[in-house]
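Inspection log for the structure reproduced underneath, given as structure tokens.
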């Protein structure tokens with residue numbers, strides 16, 4: 001059955017070429033969806049439009065915004081996850097942000113260069129993860145708004161400096177200040193229940209300045225203090241040692257799933273995946289695309305990028321999604 005699209009559809013479609021922000025694109029796609037005649041000949045087109053809208057909402061790859069409301073600073077979440085950088089003065093948080101993202105924070109060899117939250121987007125393969133640098137935590141300084149940003153983040157990257165006078169003492173100060181705000185750091189493998197999300201934060205510990213660590217005793221003391229809760233990663237931001245491994249660890253501890261949608265008879269779009277967390281199902285994907293999909297979904301077909309034995313296999317609605325699955329929904 002032909003689609004028989006009205007002229008208004010093609011005029012509206014031209015606007016997509018000049019749309020710059022995800023919000024503008026979503027508005028145009030929703031307008032196109034409203035214009036499309038609803039019959040069997042347009043079912044594939046409707047599915048494509050709904051899928052594109054869902055992807056734009058899922059990715060949310062917008063420019064991060066820092067908004068000040070009274071004494072509180074908020075950073076809108078963007079990308080596949082938000083990780084905040086926490087540490088003491090001169091641990092190299094701003095240098096790490098600059099090395100991993102598109103951000104250009106002020107960097108200096110004196111403390112408290114960072115006064116406001118500084119967001120940046122870290123590319124990892126075909127997604128982006130948001131990192132937010134916070135002012136240093138000390139015995140005297142830990143603002144209420146810092147704690148609120150930490151509570152709302154998806155995880156913490158705790159940066160420590162083994163070259164300071166008392167690295168273990170600096171680490172314990174950070175733990176104490178977080179505890180005052182009822183924030184508990186837990187390791188990457190802990191499953192945090194939803195009701196504990198604000199108060200238990202998955203934490204990846206990074207020991208910076210590997211290239212300047214000459215006192216092995218201080219490094220060993222710091223590593224011992226982190227046991228058995230954390231498995232720290234040693235890096236050198238200046239020499240860019242360990243940064244690729246760090247990106248991989250950030251991706252893994254966020255438990256991100258990249259899932260690609262496939263329209264029947266067409267190739268999947270492998271450049272813009274849907275973003276889910278581990279434990280999500282085919283039904284979760286259907287709900288994200290459109291409520292009609294969730295209500296009418298009968299089954300899905302599954303392709304694996306790297307497994308030739310799993311090509312177009314039929315799966316039920318409760319199938320647990322895996323990273324880089326290719327899913328074709330059938331109503």
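The values are calculated or read from the model by the stated rules, or taken from the named source; none is laboratory data. The model shown is predicted, which means the values in this text are computed figures rather than measured ones. Ideal geometry is used to build each Cβ from the backbone, glycine not excepted, and the neighbour counts take in all protein chains shown.
Across the stretch 227-265, the number of residues qualifying as out of contact with any helix residue (DSSP H, G or I) (no Cβ under 7 Å at 6 or more places or on another chain) and in a strand (DSSP E or B) comes to 4.
Of everything listed in (1) under 25 Å from the mean Cα position of the chain (by Cα); (2) modelled with pLDDT under 90, the single unmet condition for residue 215 is (1).
The rows are residues; the columns are (1) farther than 21 Å from residue 29 by Cβ; (2) touching a helix residue (DSSP H, G or I) at 6+ places or on another chain (Cβ under 9 Å); (3) part of a loop (DSSP other than H, G, I, E, B).
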{"position": "285", "(1), (2), (3)": "no, yes, no"}
{"position": "294", "(1), (2), (3)": "no, yes, no"}
{"position": "307", "(1), (2), (3)": "yes, no, yes"}
{"position": "312", "(1), (2), (3)": "yes, no, no"}
{"position": "322", "(1), (2), (3)": "yes, no, yes"}
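Screening residue 167 on (1) at pLDDT 95 or above; (2) in contact with a helix residue (DSSP H, G or I) (Cβ under 6 Å, 6 or more places away or on another chain) shows it passes everything except condition (1). Within the stretch 139-162, the residues that satisfy the criterion of being surrounded by 17 or more Cβ atoms within 10 Å (Cβ to Cβ) and under 16 Å from residue 89 (Cβ atoms) are 142, 146, 158, 159, 160, 161, 162.
In the stretch 306-331, how many residues are within 17 Å of residue 256 (Cα to Cα) and modelled with pLDDT under 85?
Our first condition is that a residue be within 17 Å of residue 256 (Cα to Cα); within the stretch 306-331, this holds for 319-327.
So of that shortlist, the ones also modelled with pLDDT under 85 come out as none.
Residues in the stretch 306-331 being within 17 Å of residue 256 (Cα to Cα) and modelled with pLDDT under 85: 0 in total.
Residue count for the stretch 267-304 satisfying the condition of being exposed (fewer than 13 other Cβ atoms within 10 Å of the Cβ) and without any contact (Cβ under 8 Å) to a residue 60 or more places away in the chain: 6. Residues in the stretch 58-66: is at least one part of a strand (DSSP E or B), modelled with pLDDT under 80, touching a strand residue (DSSP E or B) at 6+ places or on another chain (Cβ under 9 Å) and surrounded by fewer than 16 Cβ atoms within 10 Å (Cβ to Cβ)? Checking the stretch 58-66: at least one residue is part of a strand (DSSP E or B), modelled with pLDDT under 80, touching a strand residue (DSSP E or B) at 6+ places or on another chain (Cβ under 9 Å) and surrounded by fewer than 16 Cβ atoms within 10 Å (Cβ to Cβ).
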